[in-house]
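Student: Would you mind keeping the following structure in view while I ask a few things?
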Amino acid sequence: MVKRIVVGAHYGLRDWIGQRATAVYMALYTVIFALYALALPEMSYEAWSAMFSGGFLRFLTFLFFLALFYHAWIGVRDIFMDYIKPTGIRLGLHVIVLFLLIGYAGWAAQILWRL
Amino acid sequence: MPCACRMRSNGVYNPGCFALGDPRLIRPHIEGCKTMSEATARKPRPKFLALNEIRLPLPGIVSILHRVSGAGLFLFLPFLLFLFDRSLGSPESFAVYKSVVSNWFIKLILFGLLWAYLHHFCAGIRFLLLDLHKGLELEAARKSSRVVLVVSIALTLIIGVMLW
């Protein structure tokens, strides 16, 4: 049997950059969203859903969700890498988190494209 | 006993070597190179862990709160997505959303999540700047961590009161 180390740092740089790139995008989106929200005449269903049915903000919002889920994946993975030492449990948790986040991405797409 | 280190290989006198009788030697009656400080360095260092006196420095507090807020936001993602879903579903589901967020306990949770988001936001910008080697000096790092804590709490109060 070939002994392989199932954890390591060889995939680190891509995720390191990904974490920061998604962070920058989400920070910019937060400002854009705040400006849109401040321009809302009232917090009603009509105004709120009209805001997101505009193609531009819907596109940006979906991108925000994708960035958020990728960012969350890296962050949660790092937390597990720091505190969960048994490899089996850690990998199990990784799979659960990945499945959850992929599911959330589908949910976010459904919320935005049913408008 | 001749001291092996008295002369370096190039013949220069080694000032780190002590003559017989030098009080800095552990055993001054024997000529050698071992000084008091060298010997004590090998002993296990005493531990001083007064847990009530150890304090995480400000940048450390910002760092651990960055992790805590991120973990909290992740754990509440399904709840936040549920609220977003209800708010955009239909006029009826919007009413459901309204009634959920008008509960004072839910408001309290959302207030906490708002702080978590804003702290993660502010601390994240600080870490991005640190990645760019901006504000790495001790004083600047302490100052920026204080700014992160104050600004995120202030923004939480302002936005939280606006939305309450």
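The values are calculated or read from the model by the stated rules, or taken from the named source; none is laboratory data. Predicted, not measured: the structure shown is a model, and the values here were computed from it. For neighbour counting, all protein chains shown are included, and Cβ atoms are generated from backbone atoms with ideal geometry for every residue, glycine included. Protein only, heavy atoms only, side chains kept; ligands, DNA and RNA dropped before computing areas. Shrake-Rupley method; radii C 1.70, N 1.55, O 1.52, S 1.80 Å.
Student: Taking only segment A:21-40 into account, find how many residues are open to solvent by less than 60 Å² (accessible area, probe 1.4 Å), facing chain B (nearest Cβ under 10 Å) and not small (Gly, Ala, Ser).
Tutor: Number of matching residues: 2.
Student: As an exercise: evaluate residue B:131 against (1) over 21 Å from the mean Cα position of the chain (by Cα); (2) open to solvent by 30 Å² or more (accessible area, probe 1.4 Å); (3) within 14 Å of another protein chain (Cβ to nearest Cβ) and give the number of the one condition it does not meet.
Tutor: It is condition (1) that residue B:131 fails.
Student: If a residue has to be loosely packed, with under 13 Cβ neighbours inside 10 Å, more than 30 Å from residue B:94 (Cα to Cα), within 12 Å of chain B (Cβ to nearest Cβ) and among the charged types (D, E, K, R) to count, how many in segment A:41-96 make the cut?
Tutor: Within segment A:41-96, residues that are loosely packed, with under 13 Cβ neighbours inside 10 Å, more than 30 Å from residue B:94 (Cα to Cα), within 12 Å of chain B (Cβ to nearest Cβ) and among the charged types (D, E, K, R) number 1.
Student: A follow-up question, please. More than 11 Å from chain A (Cβ to nearest Cβ) and within 30 Å of residue A:52 (Cα to Cα): does that describe residue B:100?
Tutor: On the way: more than 11 Å from chain A (Cβ to nearest Cβ): yes; within 30 Å of residue A:52 (Cα to Cα): yes.
Yes.
Student: In the set B:113, B:51, B:83, B:75, which member is at pLDDT 95 or above and exposed (fewer than 15 other Cβ atoms within 10 Å of the Cβ)? Quick ask: steps written out before the conclusion?
Tutor: Details: B:113 fails: exposed (fewer than 15 other Cβ atoms within 10 Å of the Cβ); B:51 fails: at pLDDT 95 or above; B:83 fails: exposed (fewer than 15 other Cβ atoms within 10 Å of the Cβ).
The conditions single out B:75.
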